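Notes follow the structure.
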Amino acid sequence: MRVEHEDNAKAMGRQAGRNMAGAEEPYRQLPFFYSDLFDLGYEAVGELDSRLQTVEDWTEENRKGVVYYLGGGRVRGVLLWNVWEQVDAARRLIAEPGPFQPGDLAGRLPEKEQP
């Protein structure tokens, strides 16, 4: 998968260095990218493909929420629209084997902070 973003470049460079030093580890970085658009911004993790089923979970219609991308009963990607500091939680959700139905995802992210 081609990913052109600084997160991918940093992770790939670290992995290449480890492997050149003998680690022989596969590259398993889950794609991540982000952007800010005036007063809006997003962070995207995993596979965001319009051919996948999407499930929207808005707290403010089209201003703040999460869009999940489902394929084969699994979450394949997560778009965090004006929802911050949830990239690690999105990665954990994508790693879960499922199966997931659209109704399973309502309120799943953002995760609440643990005390």
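Couple of notes before you dig in:
- Helix 6-20 vs. the chain, principal-axis angle (Cα, 0 to 90°, nearest 10): 30
- Computed from the C-beta positions of ASP57 and GLU6 and an R0 of 25 Å, the FRET efficiency is 0.35 to the nearest 0.05.
- Histogrammed with a bin width of 5 Å, the alpha carbon distances of the range 31-105 distribute as 3, 17, 29, 27, 16, 5, 1, 0 percent, first bin at zero.
- Peptide packing: for 91-97, 80-86, the average count of neighbouring Cβ atoms within 10 Å per residue gives the ranking 80-86, 91-97, highest mean first.
None of the figures in this text is laboratory data; all of them are computed from the coordinates on show. Keep in mind that what you see is a predicted model, and the values were worked out from it rather than measured. Glycine also receives a Cβ, built like all others from the backbone with ideal geometry; neighbour counts cover every protein chain displayed.
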